[in-house]
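J.: Take a look at this one; I'll ask things after.
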Amino acid sequence: MPHVIPPVKKVRWVNAVFFVVTTLIGVLGTPFYIARFGLSTAEILIFIFFMLATGLSITMGYHRLYAHASYRANPIIQFLYLFFGAAAFEQSALKWAAQHRIHHQYVDTDEDPYSIKKGFWYAHIGWLIFWKHHVDYSIVKDLQASRMASHQHKHYGLWSVTAGIGLPVLLGALTGHALGAFIICVCLRITLVYHTTFFINSVCHMFGKATYDIYASARDHWFVAFLTYGEGYHNFHHRFPSDYRNGVRWYQWDPSKWFIALLSHLGLVRDLKRVSQFQVLHARVAAENKRISDRLTRQLANQLRCQKTLEAFHLQYEQLRKSLVGWELAVKEYSQLLQDRVARQSQEVRAAAYARKEQARLHFKEIHSRWTSLIKLSPLALEQLFAY
Ligand SMILES: [Zn+2]
Ligand SMILES: [Zn+2]
């Protein structure tokens, strides 16, 4: 266990000045610059490139690779993450990952470096400007073993200024727009990437859906997911932090997961960790069960009828859970059979196991559709249904 010391109140002047200066130049300077000089294609392209490269290096690199080890990456990919991650000016990968691991381990307590319990503003940016944090690096020993990550940590200033200011301004100068590149591709871009990243700690711990864990402050927020390349599905992420996906459903906007999958197809990353669809389903229906049970307890006035409704509702949940376990077992049995050479060769055995798997799936689907209509009912309607 890391030795976590709660933060002490102390203005971090370097951070404060950096935030204020980049924000003022980026937000106020951009419209003045565009009104005076217009906007060239080169500036737009450099801006888009640095938005994507730095944002994705934070989500795919700092977060999903370094903080959670949800997959493994080859040295070239690691270098790109460290280089463009430094360009986001969000500290070294080691420090970022250490504080993020502590956030997961101590979420919503005093030890959580960006605890939402201390307020929206604190979790968003206040923790970085007005508080001094002690960072225990023993929580990132695995990352300290990487010479490249340790170098980035030790020489963070050099890495971040080269990647985050030097390179975009150089590209701007080569295309005749050094000033525009500094205002738009450095200052405005840093400000935008900052606040979208910070939304995860503030908005996603306060607003949105608790799909997989109703007692966690972390929430799934589709709009923040849209702004942060998929990181907004934060309730799922806190429930299953080592999964390389944050938006677990195929249609959920999570470009970080799509890029990681693409890199895996290209052989540049490997060992992608993912929880099974059954673990996800178990968590989802358990959360639905808890939500409705809490609502019934809170809203039904008659104790006896409330108890009766709760018991009947719980039976429905148990039936659903058992059908899910049955489906999971049938799938396991079928895939084990496919691995067994003798059984695999018998078409009859294979067809029977396949039929059992399909039957179990259909059985679950049927009970699940009944469950879905049940959980849409109000507590009073459920009482009418079960307690009279
Ligand atoms: Zn969180
Ligand atoms: Zn995380």
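The values are calculated or read from the model by the stated rules, or taken from the named source; none is laboratory data. Keep in mind it's a predicted model, so treat the numbers as computed, not measured. Quick reminder, even Gly has a Cβ in these numbers, built from the backbone with ideal geometry, and neighbours come from all protein chains shown.
J.: Tell me whether segment 70-84 contains one or more residues that are within 25 Å of P7 (Cα to Cα), touching a residue at least 40 places away in the same chain (Cβ under 8 Å) and hydroxyl-bearing (S, T, Y). Steps first, answer last, please.
T.: Within segment 70-84, the subset within 25 Å of P7 (Cα to Cα) is none.
No: segment 70-84 contains no residue that is within 25 Å of P7 (Cα to Cα), touching a residue at least 40 places away in the same chain (Cβ under 8 Å) and hydroxyl-bearing (S, T, Y).
J.: Which ones in segment 234-278 are among the polar types (S, T, N, Q) and buried (at least 16 other Cβ atoms within 10 Å of the Cβ)? Break it down stepwise before answering.
T.: Let us first name the residues in segment 234-278 that are among the polar types (S, T, N, Q), namely 235, 242, 246, 252, 256, 264, 276-277.
Within segment 234-278, N235, N246, Q252, S256, S264 qualify.
J.: Ok, one more. Name the residues in segment 296-327 that are touching a residue at least 12 places away in the same chain (Cβ under 8 Å) and within 21 Å of Q279 (Cα to Cα), would you?
T.: Matches in segment 296-327: H314, Q316, Y317, Q319, L320, R321, S323, L324, G326, W327.
J.: With respect to the numbered conditions (1) of a type in the set (V, I, T); (2) over 29 Å from Y194 (Cα atoms); (3) in a helix (DSSP H, G or I); (4) within 16 Å of ligand 2 (Cβ to nearest atom), which one is the sole condition not fulfilled by V285?
T.: (4)
J.: Check segment 41-57 and report whether any residue there is farther than 17 Å from T228 by Cα, assigned to a loop (DSSP other than H, G, I, E, B) and more than 16 Å from ligand 1 (Cβ to nearest atom).
T.: Step one: filter segment 41-57 for residues farther than 17 Å from T228 by Cα, giving 41-46.
Now narrow it down to the ones that are assigned to a loop (DSSP other than H, G, I, E, B): none.
No, segment 41-57 contains no residue that is farther than 17 Å from T228 by Cα, assigned to a loop (DSSP other than H, G, I, E, B) and more than 16 Å from ligand 1 (Cβ to nearest atom).
J.: Considering only segment 113-145, how many residues are surrounded by 18 or more Cβ atoms within 10 Å (Cβ to Cβ) and polar (S, T, N, Q)?
T.: Residues that pass the stated criteria total 1.
J.: Okay, moving on. For A287, which of the numbered conditions (1) surrounded by 17 or more Cβ atoms within 10 Å (Cβ to Cβ); (2) at pLDDT below 95; (3) not acidic (D, E) fails to hold?
T.: Evaluating A287 over (1) surrounded by 17 or more Cβ atoms within 10 Å (Cβ to Cβ); (2) at pLDDT below 95; (3) not acidic (D, E) leaves (2) as the failure.
J.: Of all residues in segment 320-346, which are over 31 Å from the mean Cα position of the chain (by Cα) and of a type in the set (D, E)?
T.: Answer for segment 320-346, where residues must be over 31 Å from the mean Cα position of the chain (by Cα) and of a type in the set (D, E): E333, D340.
J.: Sticking with this one: State which residue is farthest from P75 (Cα to Cα) when the search covers only segment 229-277 and only residues that are under 12 Å from the mean Cα position of the chain (by Cα), within 16 Å of ligand 2 (Cβ to nearest atom) and assigned to a helix (DSSP H, G or I).
T.: N235
J.: Is it the case, given these coordinates, that F89 is part of a helix (DSSP H, G or I) and not β-branched (V, I, T)?
T.: Working: part of a helix (DSSP H, G or I): no; not β-branched (V, I, T): yes.
Taking the combined requirement at face value, the residue does not satisfy it.
J.: Looking at segment 204-221, can you tell me whether even one residue there is hydroxyl-bearing (S, T, Y), buried (at least 22 other Cβ atoms within 10 Å of the Cβ), within 16 Å of ligand 1 (Cβ to nearest atom) and not in a strand (DSSP E or B)? Quick ask: steps written out before the conclusion?
T.: We begin by selecting, within segment 204-221, every residue hydroxyl-bearing (S, T, Y); these are 211-212, 215, 217.
When the remaining residues are screened for being buried (at least 22 other Cβ atoms within 10 Å of the Cβ), the result is 212.
Narrowing further to those that are within 16 Å of ligand 1 (Cβ to nearest atom): 212.
Next, only the ones that are not in a strand (DSSP E or B) stay: 212.
So far as segment 204-221 goes, yes, one or more of its residues are hydroxyl-bearing (S, T, Y), buried (at least 22 other Cβ atoms within 10 Å of the Cβ), within 16 Å of ligand 1 (Cβ to nearest atom) and not in a strand (DSSP E or B).
A quick yes/no check of all residues on (1) in contact (Cβ under 8 Å) with a residue 40 or more places away in the chain; (2) over 30 Å from A42 (Cα atoms):
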position	(1), (2)
H100	no, yes
D110	yes, yes
P113	yes, yes
K117	yes, yes
L128	yes, yes
R147	no, yes
G176	yes, no
I190	yes, no
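J.: Answer yes if at least one residue in segment 295-307 is closer than 30 Å to I76 by Cβ and surrounded by 15 or more Cβ atoms within 10 Å (Cβ to Cβ), and no otherwise.
T.: Initial filter on segment 295-307 (closer than 30 Å to I76 by Cβ): none.
No - not one qualifying residue is present in segment 295-307.
J.: Of (1) in a loop (DSSP other than H, G, I, E, B); (2) modelled with pLDDT of 95 or more; (3) exposed (fewer than 15 other Cβ atoms within 10 Å of the Cβ), H3 satisfies all except one. Which?
T.: (2)
J.: State all residues of segment 53-80 that are aliphatic (A, V, I, L, M) and in contact with a helix residue (DSSP H, G or I) (Cβ under 9 Å, 6 or more places away or on another chain); if no residue qualifies, say none.
T.: Let us first name the residues in segment 53-80 that are aliphatic (A, V, I, L, M), namely 53, 56, 58, 60, 65, 67, 69, 73, 76-77, 80.
Listed by number, the residues that qualify are A53, L56, I58, M60, L65, A67, A69, A73, I77, L80.
Here is a yes/no grid of residues against (1) under 28 Å from V275 (Cβ atoms); (2) away from ligand 2 (no atom under 14 Å from the Cβ); (3) charged (D, E, K, R):
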residue: H63; (1), (2), (3): yes, no, no
residue: K117; (1), (2), (3): yes, yes, yes
residue: F130; (1), (2), (3): no, yes, no
residue: V140; (1), (2), (3): yes, no, no
residue: A163; (1), (2), (3): no, yes, no
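J.: Among the residues of segment 328-350, write down those that are hydrophobic (A, V, I, L, M, F, W, C) and modelled with pLDDT under 90. First the steps, then the outcome.
T.: Residues of segment 328-350 that are hydrophobic (A, V, I, L, M, F, W, C), as a first pass: 329-331, 337-338, 342-343, 349.
Within segment 328-350, L337, L338, V342, A343, V349 qualify.
J.: If only one of A145, A173, A225 is among the hydrophobic types (A, V, I, L, M, F, W, C), within 16 Å of ligand 1 (Cβ to nearest atom) and farther than 27 Å from A16 by Cβ, which one is it? Give the steps one after another, and end with the answer.
T.: Values: A145 fails: within 16 Å of ligand 1 (Cβ to nearest atom); A173 fails: within 16 Å of ligand 1 (Cβ to nearest atom).
Sole residue among the options that is among the hydrophobic types (A, V, I, L, M, F, W, C), within 16 Å of ligand 1 (Cβ to nearest atom) and farther than 27 Å from A16 by Cβ: A225.
J.: Restricting to segment 168-210, what's the tally of residues that are β-branched (V, I, T) and either more than 16 Å from ligand 2 (Cβ to nearest atom) or under 20 Å from Y33 (Cβ atoms) (or both)? Spell out how you get there, then give the answer.
T.: Initial filter on segment 168-210 (β-branched (V, I, T)): 169, 175, 183-184, 186, 190-191, 193, 196-197, 200, 203.
Still in the list and also either more than 16 Å from ligand 2 (Cβ to nearest atom) or under 20 Å from Y33 (Cβ atoms) (or both): 169, 175, 183-184, 186, 190-191, 193.
Summing the residues that are β-branched (V, I, T) and either more than 16 Å from ligand 2 (Cβ to nearest atom) or under 20 Å from Y33 (Cβ atoms) (or both) in segment 168-210 gives 8.
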